[in-house]
1. With the structure loaded, tell me whether THR28 is of a type outside the set (Lys, Arg) and surrounded by 14 or more Cβ atoms within 10 Å (Cβ to Cβ) or whether it fails that test.
2. GLN23 passes all but one of (1) over 10 Å from the mean Cα position of the chain (by Cα); (2) of a type in the set (S, T, N, Q); (3) under 16 Å from HIS9 (Cβ atoms); (4) surrounded by 20 or more Cβ atoms within 10 Å (Cβ to Cβ); which number fails?
3. Among the residues that make up region 45-56, is at least one of them among the small types (Gly, Ala, Ser), without any contact (Cβ under 8 Å) to a residue 40 or more places away in the chain and under 30 Å from ALA96 (Cα atoms)?
4. Sort out which residues of region 1-34 are under 24 Å from GLN94 (Cα atoms), touching a helix residue (DSSP H, G or I) at 6+ places or on another chain (Cβ under 7 Å) and of a type in the set (Asp, Glu), and write them in order of number.
5. Just need a number here: residues in region 37-59 that are over 18 Å from HIS18 (Cβ atoms) and surrounded by 17 or more Cβ atoms within 10 Å (Cβ to Cβ).
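Only the coordinates and a few stated rules stand behind these numbers; no lab work does. No experiment lies behind these values; they were computed from the predicted model shown. Virtual Cβ from ideal backbone geometry, glycine too; neighbours counted across all protein chains shown.
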Amino acid sequence: MQIPDAIKHREIGFRGPHHDPNQAQTATLVLSGIEGIIHVRPVHAELIQVTYDISYITLEVIDTLLAELGFHLDNNLLMKLRRALYYYSEETLQDALGCKRGRGNCTQAVFINRYRQIEHGCRDVRPDHWRQYL
């Protein structure tokens, strides 16, 4: 069930210099498969629009994810103030909706989900019942 107040539309800005000249397109690809993100699209090379359900994920989690993946977020004073207001209001709304922190909407869950989706050589191919013996 989606609550109308739980759907948020935000813009996330990026700043250079960065090795990826089109951070917005890359960030769109990263965010597109995450639970709770309804729609994400690049507006131009340094700005994306994202629509998400705060009962699953918040702007703070999205920003933390992008920053930890190496994206350079726009940190001018106006953006910092705007983000602080969004973080506070979304946390308050989550509490009012009864969403518990750490449920499935925490940063760690987002990183785990992303880690499982990418190809790498860190997977144990043994069946579960064999893993306990070694």
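1. yes
2. Condition (3) is where GLN23 drops out.
3. The initial filter retains those residues of region 45-56 that are among the small types (Gly, Ala, Ser), namely 45, 55.
Now narrow it down to the ones that are without any contact (Cβ under 8 Å) to a residue 40 or more places away in the chain: 45.
If we keep only those that are under 30 Å from ALA96 (Cα atoms) too, we end up with none.
Taking every residue of region 45-56 in turn, none turns out to be among the small types (Gly, Ala, Ser), without any contact (Cβ under 8 Å) to a residue 40 or more places away in the chain and under 30 Å from ALA96 (Cα atoms).
4. Answer for region 1-34, where residues must be under 24 Å from GLN94 (Cα atoms), touching a helix residue (DSSP H, G or I) at 6+ places or on another chain (Cβ under 7 Å) and of a type in the set (Asp, Glu): just ASP5.
5. Residues of region 37-59 that are over 18 Å from HIS18 (Cβ atoms), as a first pass: 37-41, 49-59.
Filter once more, keeping what is surrounded by 17 or more Cβ atoms within 10 Å (Cβ to Cβ): 37, 40, 50, 52-59.
So the count comes out to 11.
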